[in-house]
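Data first, discussion second: the structure below is written as structure tokens.
Any read-out appearing in this document is the output of simple, stated calculations on the displayed coordinates, not a laboratory observation. Predicted, not measured: the structure shown is a model, and the values here were computed from it. Every residue, glycine among them, receives a Cβ derived from its backbone with ideal geometry; neighbour counts consider all protein chains shown.
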Amino acid sequence: MEKDFVEEMEREVARVQEYIPPVVILITADCGAGKFELARKLSRDLSIYLLSNDYVRNYFYQDVTDFSENTRLDIEDKVSKINKLRTDFLISHRISFVFDQNVHNLDSYKAINDRFCNSSFKQFKIRIHSDDNYNIKAISNRRMDYQSKDESVIGDNVFYVSSFSEDVYWEIKKRKEITLDDSWFDFVIYRTNDDAKFNKDIDNIVLKIRELMEN
């Protein structure tokens, strides 16, 4: 029996802090840049729901043995439909959330933004710049763990991310080429090997967003 992702959300949304108006935070970054890391930080520190694209995707991939293009397309179709239901649930209930699905161009933004019509959500858009070599190394060091959970995160708190080859990295980057200019974003940060600086930059963004959310 397939998991009921929306029913699962109903048990979790009570933990979300109420903001008026509610907020949605969208993140743009290449694979391996730290998108999920940033989303977890925002969920913890702002007490908002983390809606993770990978959470649903990895649920379907965990038992897959056939990694053909048809399988990928079939899973992506399921992920898209389920995340549309989950997004609509949060919007209709006016639940503040951070969505870690990569918003890489205006079409992908429009597909999300159209769902906010007449909902009065306040939006924040964040861009992470990163080096390809850093991203590839980060991806190669990933380890899947379907049992590990981060209870400090509200929403999709299962901590697993997929590892894949350098060839797949370049294929995804080409398929989801980021064409949005930095001026389109509210916040832009840079990911390097200096994790301390990256974490400090995240802390500064959290403080600025909290200030804007509460005013």
Using amide H atoms built in the peptide plane, which far-off residues or other-chain residues are under 5 Å from GLY155 H to H?
LEU50
Which residue, THR65, THR87, THR28, has the most motion in a Gaussian network model of the chain that connects Cα atoms within less than 10 Å?
THR65
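Calculate the translational D of the stretch 139-215 in whole µm² s⁻¹ from Stokes-Einstein, where the hydrodynamic radius comes from the Kirkwood formula applied to all Cα pairs, the temperature is 10 °C and the viscosity 1.306 mPa s. Intermediate results must be reported in sequence, preceding the final value.
Details: Rh = 15.9 Å.
My calculation gives 100 µm²/s for D.
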Looking at the chain as a GNM with Cα springs under 10 Å, which of HIS93, HIS129, HIS104 has the largest mean-square fluctuation?
HIS93
Report the one residue of SER130, GLY34, ILE202 whose Cα lies farthest in the direction of the positive end of the charge dipole of the stretch 5-208 (charges on C-beta: Lys and Arg +1, Asp and Glu -1; origin at the Cα centre).
ILE202
May I ask for the distance between the Cα centers of the stretch 22-43 and the stretch 64-138, given as a whole number of Å?
10 Å
In order over the stretch 128-138: 3J(HN,Hα) from phi, Karplus 6.51/-1.76/1.60, θ = phi - 60°, whole Hz, x for each Gly or Pro, gives 9, 8, 7, 8, 4, 4, 4, 4, 4, 5, 4
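Nearest 5 percent is fine: what portion of the DSSP beta bridges confined to the chain is antiparallel? Working shown, then result.
On the way: 1 of 20 bridges.
Among the beta bridges of the chain, antiparallel pairing accounts for roughly 5 percent.
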Which of ASP131, ASP54, ASP194 has the fewest Cβ neighbours within 10 Å, and the rest in rising order:
ASP194, ASP131, ASP54
Please check: in the Gaussian network model of the chain (C-alpha springs, under 10 Å), which one of PHE121, PHE89, PHE67 has the largest mean-square fluctuation.
PHE67
Between exposed trypsin sites (Lys or Arg not before Pro) in the chain, where DSSP calls loop and at most 11 other Cβ atoms lie within 10 Å, what's the longest gap?
12-142
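How many percent of the alpha carbon pairs in the chain exceed a separation of 28 Å?
Details: 5728 of 23005 pairs.
Taking all Cα-Cα pairs of the chain, the fraction more than 28 Å apart is 25 percent.
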